[in-house]
Amino acid sequence: QKEVEQNSGPLSVPEGAIASLNCTYSDRGSQSFFWYRQYSGKSPELIMSIYSNGDKEDGRFTAQLNKASQYVSLLIRDSQPSDSATYLCAVKSNFGNEKLTFGTGTRLTIIP
Amino acid sequence: SQTIHQWPATLVQPVGSPLSLECTVEGTSNPNLYWYRQAAGRGLQLLFYSVGIGQISSEVPQNLSASRPQDRQFILSSKKLLLSDSGFYLCAWSAGTDYEQYFGPGTRLTVT
């Protein structure tokens, strides 16, 4: 079982709709969770971090965390063509090192 | 504000040649520093990380090495490149206890 799993996609969503990206993780002791956006040929950009169960909203983005189910998701409301990118989920273990474990990413395409 | 630099942006090297990639961070002290590699269409592979000057943790045994000669400088090296070393090399930094990592612009390496 991979430590951090994401559906590779591609996920196609019409412009203006809600895009829903999902991520599961295997380490029950994980405490910190991150979503990165990576445009083709560019480096990853941090867009959301979440540390507590529940929802965290930032503009059109909402991160949702359910530690009991070991599940974190990212919702993008009012999807725009500029949201087309690969979205990487990253998890920080509760162990005493400084590493993040990344999923392989979900490729999202917003259809005009 | 913090800034991370990587150079060169693009590099084409023959098999068997040496490699030196440099990463510097501005605007923060004693950051954690990371080297990742992303092969074409693949996820992020952590190669090395450092929590301080001269402190290097290696994640994957291979023909690469890393050094941290100064607080905000991280260098990735190889004595002899392999074809399999081709990829997108990313440097990242983090600071504090939130574990958010921020990536540099990356170096695209092609070994021919």
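Provide a whole-number value for the mean count of partner chain Cβ atoms within 10 Å of the Cβ atoms in peptide B:41-48.
Partner-chain Cβ atoms within 10 Å, mean over residues of B:41-48: 4.
Summing Lys, Arg as +1 and Asp, Glu as -1, what charge do residues with Cβ under 13 Å from the Cβ of B:N30 carry, B:N30 excluded?
With Lys, Arg at +1 and Asp, Glu at -1, the neighbours total 0.
In peptide A:38-51, what is the residue-averaged number of other protein chain Cβ atoms found within 10 Å of each Cβ?
Taking all residues of A:38-51 together, the mean is 3.
Give, rounded to the nearest 20 debye, the magnitude of the charge dipole that chain B has about its Cα centre when Lys and Arg contribute +1 at Cβ and Asp and Glu contribute -1 at Cβ.
380 debye
Going by average Cβ neighbours within 10 Å, how do the peptides B:77-84, A:18-25 rank, with the highest at the top?
Answer by packing, highest mean first, reads A:18-25, B:77-84.
Find the relative contact order for region B:21-112 and round it to a whole percent, using C-alpha pairs within less than 8 Å whose residues are 6+ positions apart.
31 percent
Out of the GluC sites (Glu not before Pro) in region A:1-77, which ones are loop residues according to DSSP with at most 16 other C-beta atoms within 10 Å?
Here the sparse-neighbourhood loop sites are A:E3, A:E15.
What is the sum of charges, Lys and Arg at +1 and Asp and Glu at -1, for the other residues whose Cβ falls under 12 Å from the Cβ of B:R72?
Overall, the nearby charge balance is -2.
Quick one: which residues, 5 or more positions from B:W7 or on another chain, have an amide H under 5 Å from its amide H? H modelled 1.01 Å from N in the peptide plane, none for Pro or chain starts.
B:E22
Rounded if a/c is under 1.5, else prolate if a/b is larger than b/c, else oblate: which is region A:1-71, with a ≥ b ≥ c the root eigenvalues of its Cα gyration tensor?
Because a/c hits 1.5 or more and a/b exceeds b/c, region A:1-71 counts as prolate.
So which lysines can A:K42 reach, going by Cα to Cα under 22 Å and dropping same-chain residues fewer than 8 places off?
A:K42 reaches A:K99.
Treat each spin label as a single point 7 Å out from the Cα along the C-beta direction, and report the A:R77 to B:S20 distance in nm.
Between A:R77 and B:S20, the label points sit 5.2 nm apart.
Please list 3J(HN,Hα) in residue order for region B:89-98, calculated via the Karplus relation 6.51 cos²θ - 1.76 cosθ + 1.60 where θ = phi - 60°; whole Hz, with x for glycine and proline.
9, 10, 9, 9, 10, 9, 8, x, 9, 8
Averaged across orientations, what area in nm² does the convex hull of the alpha carbons in chain B project?
Mean shadow area of the hull around the Cα atoms is 6.6 nm².
Can you give the local net charge around B:F88? Use residues other than it whose beta-carbon is closer than 14 angstrom to its beta-carbon, Lys and Arg +1, Asp and Glu -1.
Within the 14 Å Cβ shell, the charges total +3.
For A:S84, A:S40, B:S1, which order do you get if you count the other beta carbons within 10 Å of each Cβ and list the fewest first?
By the 10 Å Cβ count, ascending, the order reads B:S1, A:S40, A:S84.
Going by how many other beta carbons lie within 10 Å of each one, how would you line up B:V12, B:V51, fewest first?
Ordered from fewest to most neighbouring Cβ atoms within 10 Å, B:V12, B:V51 come out as B:V12, B:V51.
Values quoted throughout were computed directly from the atomic coordinates according to the rules given, and no laboratory measurement underlies them. Being a predicted model, the structure only gives us computed values, none of them experimental. All Cβ positions, glycine included, derive from the backbone under ideal geometry; neighbour counts span all protein chains shown.
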